[in-house]
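What follows is a set of notes on a single structure, which appears directly below.
The values are calculated or read from the model by the stated rules, or taken from the named source; none is laboratory data. Predicted, not measured: the structure shown is a model, and the values here were computed from it. Please note: Cβ atoms are built from the backbone with ideal geometry, for glycine as well, and neighbour counts cover all protein chains shown. These area figures cover heavy atoms from the full protein model, side chains too; ligands, DNA and RNA do not enter into them. Shrake-Rupley method; radii C 1.70, N 1.55, O 1.52, S 1.80 Å.
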Amino acid sequence: MLLPEPIQRLINALERLPGIGPKSASRLAFYFLRAPDEISQELSEALSGLKSKTAFCQECFNITLAGRTLCEICSDPRRDAGIICVVEEALDVLALERVGAYTGRFHVLHGVLSPIEGIGPDDIRLQPLLERVSRGGVQEVILATNPSMEGDATALYLRQQLRPMGVQITRLARGLPVGGDLEYADQSTLLRALSGRQEMG
Ligand SMILES: [Zn+2]
């Protein structure tokens, strides 16, 4: 059976989302069809404002509100600018902030090095981090990329680039599930990984 074009279009769009298969996509599309107008209106407004109302922090590339140069963390004078925690995604910032024990700043790479997928140093926000550290005032860089093959490779690459700059380089302690995502780790595991971070030899 051929579906009317507007429904098929929504199903196709939903199917492209992570974690949504063809069945869930159809179920959602028909849900919107039946649900009160407010539900789909709110979703479509939230979606259209998502990109236009947000921006990247010019310092750490965390997500911030459009029109702002710095995110909340970078503009907070109580946050120690001498420690930079390097993470893969903005969601990792959230996960570490939830632990509540970290008082330094962040740097969001927006990805990891992955030769298989053709992602090299110029494809992620790596250069701005090196520039940030070379400006001085940084004592420690915590490499908090995920404990996966790509995360480890990215940490090793960064260590190599950062070493001549004379900063202390640490890696989150093991205890995080290998291959796991920071974002899904529970708070006590993250706290242990952070407080037990080790110098990268
Ligand atoms: Zn920032």
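Karplus-derived 3J(HN,Hα) values for the stretch 76-93, using 6.51 cos²θ - 1.76 cosθ + 1.60 with θ = phi - 60°, are 8, x, 7, 7, 5, 6, x, 10, 10, 9, 8, 10, 7, 10, 4, 5, 5, 4 Hz; glycine and proline are entered as x.
When the chain is modelled as a GNM with alpha-carbon springs shorter than 10 Å, which of Ala25, Ala90, Ala155 fluctuates the most? Comparing Ala25, Ala90, Ala155 in a Gaussian network model of the chain, the most mobile one is Ala25. Using the Cβ-Cβ distance between Ser48 and Arg163 with R0 = 45 Å, the FRET efficiency computed as 1/(1 + (r/R0)^6) comes to roughly 0.50.
The base-10 log of I(q)/I(0) for the chain, evaluated at q = 0.11, 0.13 Å⁻¹, reads -0.63, -0.81 [Debye formula, identical scatterers on Cα atoms, solvent excluded]. Under 5 Å from the amide H of Ala55 lie the amide H atoms of Thr64, Leu65, Ala66, each residue being 5 or more positions distant or on a separate chain, with H modelled from the backbone and absent for Pro and chain starts. Classified by the C-alpha gyration tensor, the stretch 92-143 has an oblate form. Its axis ratio a/c, with a ≥ b ≥ c, is 1.5 or above, and a/b does not exceed b/c. Between Leu156, Leu43, Leu113, the GNM of the chain built on Cα springs shorter than 10 angstrom shows Leu43 fluctuating the most.
Return the carbon/sulfur percentage of the accessible area of the stretch 9-133, one whole number, probe 1.4 Å, all protein chains in place. All intermediate terms of the calculation are to be shown ahead of the outcome.
Working: 4180 of 7570 Å².
Ligands and nucleic acids excluded, carbon and sulfur reach 55 percent.
Heavy atoms of the protein chains alone define the surface here; on that basis the chain has 60 Å² accessible area per residue at 1.4 Å probe size. Working note: 222 nm ellipticity from helices only, DSSP H runs with n ≥ 4, each -39,500 (n - 2.57), summed and divided by the residues of the chain, gives -12500 deg cm²/dmol to the nearest 500. Calculate the FRET efficiency for Lys23 and Ser188 from the Cβ-Cβ distance with a Förster distance of 30 Å, rounded to the nearest 0.05. Working from the Cβ atoms, E equals 0.25. Given +1 at the Cβ of Lys and Arg, -1 at the Cβ of Asp and Glu and no other charges, the dipole of the chain around its Cα centre is 260 debye to the nearest 20.
What the pair-distance distribution of the stretch 101-194 shows, using all Cα-Cα distances binned every 5 Å from zero, is 2, 13, 24, 25, 20, 13, 4, 0 percent.
Loop sites here are trypsin sites (Lys or Arg not before Pro) outside DSSP states H, G, I, E and B with no more than 12 other Cβ atoms within 10 Å. The longest part of the chain free of them is 136-201.
Each listed q (0.21, 0.22, 0.26 Å⁻¹) maps to a log10 I(q)/I(0) for the stretch 59-129, found by the Debye formula over equal Cα scatterers with no solvent: -0.92, -0.98, -1.23. For the stretch 41-156, the dipole from Cβ point charges (+1 on Lys and Arg, -1 on Asp and Glu) about the Cα centre works out to 460 debye, to the nearest 20. Out of Gly166, Gly151, Gly21, any idea which swings most in a Gaussian network model of the chain, alpha carbons joined below 10 Å? Result: Gly21 has the largest fluctuation of those listed.
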